[in-house]
Amino acid sequence: MNKTPECTPLQLALCQLDRVAKKIKLDPCIHEKLKHPKTILIVSVPIKMDNGKLEVFTGYRVQHNIDRGPSKGGIRFHPDVSLDEVQAMAMWMTWKCAVMGLPYGGAKGGVCCDPKKLSDRELEKVTRRFTTEITPFIGPRKDIPAPDVYTNPQTMAWMMDTFSMHSAHAVPSVVTGKPLEIGGSYGRNEATARGCVFAAEEFMRFRGKDIRESTVVIQGYGNAGAFAHKIAQAEGAKVIAVSDSKAGITNPEGLDYEAVSAFKEETGSVKNFPGAKNITNRKLLELECDLLIPAALGNQITAENAPRIRAGLIAEAANGPTTEEANIILHRRKIPVIPDIVASAGGVVVSCFEWAQNLMGYFWTAEEVSTRLNDVMSLACRRVWDISREKKIDLRLAAYIVAVSRVAEAARLRGIYP
Ligand code: GLU
């Protein structure tokens, strides 16, 4: 069970599954089934680059499980995308959807490329060719992609258009996270951050704390991190450090969202933000604070730095930021971690709302979306908190108990075909 922090994302995911299987005495047949993804798809994405040369990228779509409904999960464009990582994240999507009570299984996809080095034209070509390659495997009742690291509403618009052109009619419900104009939902863009800050507030409340008197550190300034800054500040917290892939900045007096995001927009990074001190991403994680939000990539809190973390609470807005060993160390040090499958679930919850609205052809107001997101989050947080108290276990194990039990029950009811 105690893997080294250097274990791969898939090893981490399987190790987490083993841990919960032991705890709930999971039927070995169902355990075996859940270890394996339903479908693995590896595709070549050949692109005529702007310079006339041909480059072939590799794309993946892994569908882990469909026991509770069609599979759901994002598409990431990143140079580190690998089958191992996509497979782990597909499994995490199964648990994420189950713990939130969504009628979905889990999937994930990605293209191994560096989107920062691609022109808009090249990015559009990568997206359209990748979508074409996975078209037979996705669909509103089959598998519904969404944005993830370095993909956005524009990427989803191209995916939706490509799938629709192959179907010869518009199919908005094939992807979520679309722009509003083509069937997107209010609140989807900031949903991951909103869900994360809301979950943090809930767990603070359970522990008699108030976000308004808290200091917050955020790692990562993409969709989740930047909006987490905005929302935490709006909730009255003091955000004392943030970072992006280039550097971190800190100011104990607080960093203003509007000013930092405008600065990043202008210069391409938060680095050298006036009035703040530059720090490394490593040091940022070790700052003393009430709430730490890792909102970048996986494998950030490891056995190496976990003993030096000085946060009152950690809310994982990223997927897989804490290794299994680090999780054990943090639990021993009584630093609660709201696991990714809960803290980063706001995105897929609002994705589910978007999909439902597309299927109905009827749309909700921003307020309705926000209230419903809070309701779904609140229910999941309460359940996870109660189980962790009752069984005296960490929040991650409690969340996994809820998720894996639900998927296992669905698998048992449906049986093994044939
Ligand atoms: N990529 C997001 C995640 O990891 C959202 C997935 C979705 O909306 O389907 O949760």
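The values are calculated or read from the model by the stated rules, or taken from the named source; none is laboratory data. Here the structure is a predicted model, which is why all the values come from computation and not from measurement. Glycine gets a Cβ as well: all are built from the backbone with ideal geometry, and neighbour counts include every protein chain shown. Only protein heavy atoms, including side chains, enter the accessible area calculation; ligands, DNA and RNA are left aside. Shrake-Rupley method; radii C 1.70, N 1.55, O 1.52, S 1.80 Å.
Details
- Selected from LEU118, LEU397, LEU83 as most flexible by GNM, with the chain as the system and alpha-carbon contacts under 10 Å: LEU118
- Using a probe of 1.4 angstrom and keeping all protein chains present, the accessible surface of the range 200-265 works out to 42 square angstrom per residue.
- For the range 132-242, the equivalent ellipsoid derived from the alpha-carbon gyration tensor has semi-axes of 36, 13, 11 Å in decreasing order.
- Per-residue accessible area (protein heavy atoms, 1.4 Å probe) orders LYS209, LYS392 as LYS392, LYS209, starting from the largest.
- When the alpha carbon gyration tensor of the range 253-365 is reduced to an equivalent ellipsoid, its three semi-axes come out at 29, 24, 11 angstrom, largest first.
- Convex hull per residue volume in Å³, alpha carbons only, for the range 248-299: 98
- Rh (Kirkwood; distinct C-alpha pairs) - the range 293-347, Å: 10.9
- Protein heavy-atom accessible surface, 1.4 Å probe, per residue over the range 273-351: 33 Å².
- Most simply put, the range 186-306 has about 40% antiparallel DSSP beta bridges, counting only bridges with both residues inside it.
- In this label model, ARG412 and GLU258 are separated by 5.5 nm, measuring between points 7 Å along each Cα→Cβ vector.
- Ignoring aspartates and glutamates fewer than eight residues from LYS96 along the same chain, the ones with Cα atoms less than 15 angstrom from its Cα are ASP67, ASP148, GLU316, ASP340.
- Gaussian network model of the chain, Cα within-10 Å springs - most flexible of VAL20, VAL43, VAL404: VAL43
- Distant-in-sequence amide H partners of ALA303 (H built 1.01 Å from N, under 5 Å): ALA326
- Along its principal axes, the chain has C-alpha extents of 55, 54, 43 angstrom, given from the largest down.
- Along the range 164-174 the Karplus relation, 6.51 cos²θ - 1.76 cosθ + 1.60 evaluated at θ = phi - 60°, assigns HN-Hα couplings of 5, 5, 5, 8, 6, 7, 6, 10, x, 6, 6 Hz to successive residues, with x for each Gly and Pro.
- With Cα atoms defining each centre, the range 179-252 and the range 79-131 are spaced 22 Å apart in the structure.
- Taken over the alpha carbons of the range 125-193 as equal point scatterers, the Debye sum produces base-10 log I(q)/I(0) values at 0.12, 0.13, 0.22 Å⁻¹ of -0.27, -0.32, -0.91.
- For the chain, the carbon plus sulfur part of the accessible surface works out to 53%, probe radius 1.4 Å.
- Legend: P(r) of the range 379-418 from all alpha carbon pair distances, 5 Å bins from 0, whole percents, reading 6, 24, 24, 16, 12, 9, 6, 3, 0.
- Each residue of the range 36-49 is assigned a 3J(HN,Hα), and the resulting list reads 9, x, 5, 9, 10, 10, 10, 10, 8, 10, x, 10, 7, 6 Hz, derived from the Karplus form 6.51 cos²θ - 1.76 cosθ + 1.60 (θ = phi - 60°), x at Gly and Pro.
- Under 5 Å between amide hydrogens, built in the peptide plane, is the criterion, and for VAL242 it picks out ILE218, ILE249 among residues at least 5 positions away or on other chains.
- For the chain, the share of DSSP beta bridges that are antiparallel, to the nearest 5, is 45%.
- Taking all Cα pairs closer than 8 Å and separated by 6 or more residues, the relative contact order of the range 251-324 comes to 27 percent.
- Amide proton proximity set for GLY105, modelled H, under 5 Å, gap of 5+: ARG68, GLY69, SER71, LYS72
- Rg and Dmax, both from the Cα atoms of the range 296-418 and both in Å, are 17.2, 52.
- Cα gyration tensor of the range 9-142 - equivalent ellipsoid semi-axes, whole Å, descending: 32, 15, 11
- Between ARG282 and ARG308, the contour length at 0.36 nm per residue exceeds the alpha carbon distance by 8.3 nm.
- Antiparallel DSSP beta bridges within the range 1-142, as percent of all bridges there, nearest 5: 75
- Pairs from the table (LYS72/LYS392; LYS125/LYS178; LYS116/LYS271) lying more than 26 angstrom apart at Cα are LYS72/LYS392.
- Förster radius 35 Å - calculated FRET efficiency between SER167 and ALA234 (Cβ-Cβ, nearest 0.05): 0.30
- Solvent exposure of the range 52-139 amounts to 31 Å² per residue of accessible area, where only protein heavy atoms count and the probe is 1.4 Å.
- Comparing ILE387, ILE301, ILE218 in a Gaussian network model of the chain, where Cα atoms under 10 Å apart are tied by springs, the biggest mean-square fluctuation is seen for ILE387.
- With θ taken as phi - 60° and the Karplus curve 6.51 cos²θ - 1.76 cosθ + 1.60 applied, the whole-hertz 3J(HN,Hα) list for the range 145-156 is x, 7, x, 8, 4, 6, 10, 8, x, 5, 4, 5 Hz, x standing for glycine and proline.
- When only alpha carbons are used to place a centre, the range 8-34 and the range 279-342 end up 23 Å from one another.
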